[in-house]
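Some notes on the structure that comes next.
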Amino acid sequence: MAAQSTLRHSGDPLLAILGPWARLFRSKVKHTSKAARLAATLAFIITILSGAYGGRSWLRQRSKKKAQRQRLLRRNSGLRGKDGSRTIIVPYRSSTAEVKIHPTKPMTFDAHRRLFLNPPRAARLGEGQMTGQVPPPNTKPGLNIAFIHQFLSLLSIMIPHWNSKESGLLFSQGLFLLLRTYLSLVVTRLDGEIVRDLVAGNGRSFLWGIVKWCGVGGFASYTNAAIKFLQSKVAIAFRTRLTRYIHDLYLNDNLNYYKLLNLDGGIGQGADQFITNDLTLFTASAASLYSSIGKPLVDLFVFNYQLFRSLGPLALTGLLANYFITATALRRLSPPFGKLKAVEGRKEGDFRALHARLIANAEEVAFYGGADMEKIFLDKGYKDLKVWMEGIYRLKIRYNMLEDFVLKYSWSAFGYLITSLPVFLPEWGGLGGRSELPTSDTTQSSSTTNRSHGRMQQFITNKRLMLSLADAGGRMMYSIKDLSELAGYTSRVYTLISTLHRVQAAAYYPPRGTSPEPYSLSDVLGTLHRGYDGVRLENVPLVAPAIYPLPGNLLIPSLSFTITPGAHVLISGPNGAGKSSIARVLGGLWPVYRGLVSRPRNSGIDGIMFLPQRPYLASGTLRDQVIYPHSEMDMRDSGRKDYELLQILEDVRLGYLPEREGGWDVRKEWKDVLSGGEKQRMALARLLYHEPRYAVIDEGTSAVSSDVEGLLYERCKERGITLLTISTRVSLKRYHEWNLDLGQGEEGDEWTFDRIGTEQEKEGVERELESLRERLAKVEGWRKRREEIDAELGKVWVSGQHEEGTELPPPEYAEKEEESGGPS
Ligand SMILES: Nc1ncnc2c1ncn2[C@@H]1O[C@H](COP(=O)(O)OP(=O)(O)OP(=O)(O)O)[C@@H](O)[C@H]1O
């Protein structure tokens, strides 16, 4: 029996663990009363039942949530939180995942403005106020105080609180980095022991050493993988923080995405290269810096201390001197990697912008057959980039040679010298060196053997320490280059964010002690008043702005008119007179340089809506095209239904679209699917959906047939929308009450604002007729003058060649054909 039980125990380890517990349970059960057993059984059954019920409702909720997510994803929609956050649904593997986005608080932007617009003078960025640019053009990206300021400013966005997720990630990474250093130390010692045992022929210890080596190796591999994983997590967390911050600053009610390119111009071709490429490089570089500098720094301290213990103060002094000299030499001789990287980023951006332009205008270029011309632009853009990159590589090759020689070969030679110290200069060889001295209580031969084994172990350990140290020092040196490159990326990202802050705060100041250029961005004195039921301009000059700090171009010196509800206005005039410019000022795209502009507060319902000259079709579903700029979430919130959208499409004669395209949820490249007229009608459908009180329609029906055009205007008016139509078509007057006519006078900078169909307007027409009559009266005189000139020219032509009235000889080829009997 005993034998049986032993067999069972050894055969089934699980039973061996559970057996005692089972016995304990059985003995407890035996000693409990019947009532207690009944209660326990009941509790057990209730637990199982409630568990099953809970599990079932959890499963149900999960499948309901899954279905909701799928629906939201299909409809390009999401969920809105009470705290203003948005939850969007993204595809994840075969299912979906939720991403919650919290908007950046305005307070945060206010707090950061100081960092990005008023940097300390010590950072050599304060001079920006003198030149009106932040950062000033003379701030070179490199390892300087400006870099530290820029990096710390960005760090305050990347790690907003000490207890944020990013700090946690960095802390965990730090722990793993320390662990790796510790493991390197263990490996170093182990290496020495293994070689000692091998030389001494101690097989048992040698094998045990190998086992320990493998165990430590496995653990070290896991540590390395964890460090890399955490580094990528840190990089992506940094990138998420910065991207969201930039998006919140870039895409807001202040229209910074428009102003950045059209008014400020501080970042050249646009923000896309900055946000996509430079930001990625910056965050990857910042995250790797932590381990690429942090780890060797810790290593340097630990290994130096170890070497000091075994080699003594002379070695340590030598080592430190070596670091200092090589670091200074390399720093002096290194090219300005930061500046090179910043320029490279700009050139990459220019090249990318050329491609983006071609993609956006592919149809137009194709019609013109402009491929060859576009290729020239693209090839030139690439050549610029290539020449720059080759220049960088040439600079790098020289530096790399020097770096390699110094860090690999000269350092190892120096390392051998240092590790030989205990052998040749035992009295200088530190604490470990004392063991080298002969002792009197051992025999000569065993002392020699022991000493040589001890030397061997110590040499191997020291050599490994030296190698690790050289590796750590090398990595420190290499990271000087990484640091310079990081300075380049930092400068790019900092420039983007500070320019965005400047646009957001309209912080354009003339250099100290000077007055601003008239009609430049630092000379904006007018007011844009939102919250007026109508549209009113009072003594507003119409100025086409120029990129800061240049002065704008004055189109109309002073414009004043008021539009009240129901007073539909046609804004007419020749091309380039400034019609669309009025819309730009009203929309807040262009600044109000002088005077007062009043407009409704909101865009859309109860406000004002603008239909631009070039119809825009968003990416998304067919529904998204009608409700733009609403999302489906907004549409559901306002209680609108799909059948209403269909009615709107019927009103603009696009009722066939949902069926033809395959429903409301279908996604297509709508700008290629819809014709020019359909696009304009879609824009009017948006107007009918939003039903604003006022609408500015800029050439919104130029591609629509005139019968449908009239119908569209009537539909808008039926819904109580007051129209401000910008058009060169005088025929549109019949749908409007007032006419603002621009481009009059000699200079084209005068204007009239008249009621259509009134005495005043008739007088205006009379005036125009009178001026035409005056011109007609001059026609007779011009005709006579032309006859005189013709006669003069006729004399010159005829003299000495042909008689008047004689036939001109036939062309040569006609003569030949006649001779050969006509064309074959
Ligand atoms: N972003 C800009 N920067 C500088 N000048 C501009 C800008 N946009 C337009 N302009 C200039 O302002 C003037 C008025 O332009 P606007 O677009 O208002 O003309 P318009 O009367 O609407 O002409 P059209 O009938 O051709 O649409 C033009 O001379 C134009 O070149």
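Okay, here's what the table says:
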item	result
The chain, dipole about Cα centre (Lys/Arg Cβ +1, Asp/Glu Cβ -1), debye to the nearest 20	7460
Net +/- balance of residues flanking residue 723 in space, Cβ distance below 10 Å, scoring K and R +1, D and E -1	0
Sum of -39500 (n - 2.57) over DSSP H runs of 4+, divided by residues of the chain (222 nm, nearest 500)	-20500 deg cm²/dmol
Span-like helix ranges in the chain, DSSP H, alpha carbon extent 27 angstrom or more, Kyte mean at least -0.5	34-74, 165-200, 203-250, 279-311, 313-333, 337-360, 444-505
Radius 13 Å from Cβ of residue 472, net charge of other residues (Lys, Arg +1; Asp, Glu -1)	+2
For the chain: relative contact order, % (alpha-carbon pairs under 8 angstrom, 6 or more apart)	12
Exposure rule at most 15 other beta-carbon atoms within 10 Å, DSSP loop chymotrypsin sites (Phe, Trp or Tyr not before Pro): the chain longest free segment	163-531
DSSP loop GluC sites (Glu not before Pro) with at most 13 other Cβ within 10 Å: longest gap in the chain	1-668
Shape of the chain, Cα gyration tensor, a/c cut at 1.5	prolate
Order of 407, 528 under a 10 Å beta carbon neighbour criterion, fewest first	528, 407
Under 18 Å from residue 396, Cα to Cα: lysines that are on another chain or at least 8 residues apart	339, 341, 386, 408, 481
Cα shape, segment 41-88, gyration tensor, a/c 1.5 rule	oblate
Calculated log₁₀ intensity ratio I(q)/I(0) where the Debye formula runs over C-alpha points of segment 114-505, q = 0.07, 0.13 Å⁻¹	-0.47, -1.14
Proxy reagent accessibility, fewest Cβ within 10 Å first, across 410, 479	410, 479
Positive minus negative residues near residue 580 (Lys, Arg vs Asp, Glu; Cβ under 14 Å)	+1
Ascending count of other beta-carbon atoms within 10 Å, so fewest first, for 668, 375	375, 668
Qualifying trypsin sites (Lys or Arg not before Pro) for segment 37-111 [loop in DSSP, other Cβ within 10 Å: at most 10]	82, 93
Whole-number percent relative contact order across segment 520-626, with pairs defined as alpha carbons under 8 Å at least 6 apart	37
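Quick note: the coordinates plus some simple rules give every number you see, no bench work behind them. Predicted model, so just to flag it, every value in this text is computed and none were measured. Here Cβ is always computed from backbone atoms with ideal geometry, including for glycine, and neighbour counts include all displayed protein chains.
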